[in-house]
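J.: Before anything else, here's the structure in question.
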Amino acid sequence: MLEINTPAPEFTLPDKDGNPVSLSDFLGKRVVVYFYPKDNTSGCTKQACAFAAAYDEFKALDVPVIGISRDSTASHTKFAEKYSLPFILLSDPELNAIQAYGVWQEKKMCGKVSMGVVRTTFIIGADGKIEKIMPKVKPDTNAAEVLEYLRQN
């Protein structure tokens with residue numbers, strides 16, 4: 001499991017347009033990286049729309065927001081267009097960043113056990129180290145909790 005004040009695992013993943021985006025592109029500024037299970041599902045849509053609604057506040061704080069899931073770039077494009085998502089969505093079908101951040105875990109739903117992405121948000125400091133880890137976040141309150149933390153710290 002990753003810990004606060006340790007270097008955030010580097011990644012380079014394609015955005016919804018297929019352009020490579022690396023965590024190191026944001027060195028020198030704080031960045032929010034949130035992992036979510038799947039585009040166009042109720043919880044993930046709530047979470048994405050909450051980040052979109054608060055996007056101007058993240059911009060005012062100069063804090064980029066990056067959402068990462070296993071979905072394809074085509075899925076991300078449709079998801080972003082359907083809900084007017086202004087932030088970066090990255091595709092990680094090979095689970096490179098998902099596993100590096102330890103969010104690929106066993107999940108139980110309706111009595112079934114399966115592997116999947118556990119909804120988790122990381123705040124990465126300007127120095128590239130993990131500043132805050134928010135495990136098993138609630139989709140509808142996550143963006144507000146992140147903003148509250150950023151304003152206070």
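The values are calculated or read from the model by the stated rules, or taken from the named source; none is laboratory data. No experiment lies behind these values; they were computed from the predicted model shown. Cβ placement follows ideal geometry from the backbone for every residue including glycine, while neighbour counts extend to all protein chains displayed. Note: accessible area is taken over every heavy atom of the protein model, side chains too, but ligands, DNA and RNA are not part of it. Shrake-Rupley method; radii C 1.70, N 1.55, O 1.52, S 1.80 Å.
J.: Using just the helices of the chain, give the 222 nm mean residue ellipticity in deg cm²/dmol: DSSP H runs with n ≥ 4 each add -39,500 (n - 2.57), and the total is spread over all residues, rounded to 500. Can you show the working numbers first?
T.: Details: 5 runs with 45 residues, N = 153.
The per-residue figure over the chain is -8500 deg cm²/dmol.
J.: Just to verify a number: FRET efficiency for D56 and N96, C-beta to C-beta distance, R0 = 35 Å, to 0.05?
T.: Details: r = 31 Å, r/R0 = 0.88.
Efficiency computed from Cβ-Cβ geometry: 0.70.
J.: State, to one decimal in nm, how far the label point of A126 lies from the label point of E145, with both points 7 Å from Cα in the Cβ direction.
T.: Simple spin-label model gives 2.6 nm for this pair.
J.: When averaged across all projection directions, what area in nm² does the alpha-carbon convex hull of segment 7-153 cover?
T.: Details: hull surface 32.4 nm².
Over every viewing direction, the Cα hull of segment 7-153 projects on average to 8.1 nm².
J.: Evaluate the charge dipole of the chain about its Cα centre and quote only its size in Debye, nearest 20, assuming +1 on the Cβ of each Lys and Arg and -1 on the Cβ of each Asp and Glu. Mind dumping the intermediate values first?
T.: Values: 18 positive and 19 negative charges, 117 e Å.
The dipole of the chain has a size of about 560 debye.
J.: Mind giving me the nanometre distance, one decimal, between the label points for M1 and S24, set 7 Å out from Cα along Cα→Cβ?
T.: The two pseudo-label positions are separated by 2.9 nm.
J.: Over segment 1-121, give the accessible area per residue in Å² for a 1.4 Å probe, as an integer. Can you show the working numbers first?
T.: Working: 6160 Å² over 121 residues.
On a per-residue basis, segment 1-121 sits at 51 Å².
J.: Can you list the residues of segment 17-56 with backbone N under 12 Å from a point 7 Å past the Cα of E81, pointing along Cα to Cβ?
T.: Answer for this model: 17.
J.: Under 5 Å between amide hydrogens, which residues at least 5 positions from K132 or on another chain qualify, with H placed 1.01 Å from N in the peptide plane?
T.: Counting only residues 5 or more places away or on other chains, the set is I123.
J.: How many percent of the accessible area of the chain is carbon or sulfur, using a 1.4 Å probe? Intermediate results must be reported in sequence, preceding the final value.
T.: Numbers: 3980 of 7830 Å².
In the chain, the share of accessible area belonging to carbon and sulfur is 51 percent.
J.: With contacts defined as alpha carbon pairs under 8 Å and 6 or more residues apart, what's the relative contact order of the chain in percent? Walk me through the numbers on the way to the answer.
T.: Working: 293 pairs, mean separation 49.9, N = 153.
Answer for the chain is 33 percent.
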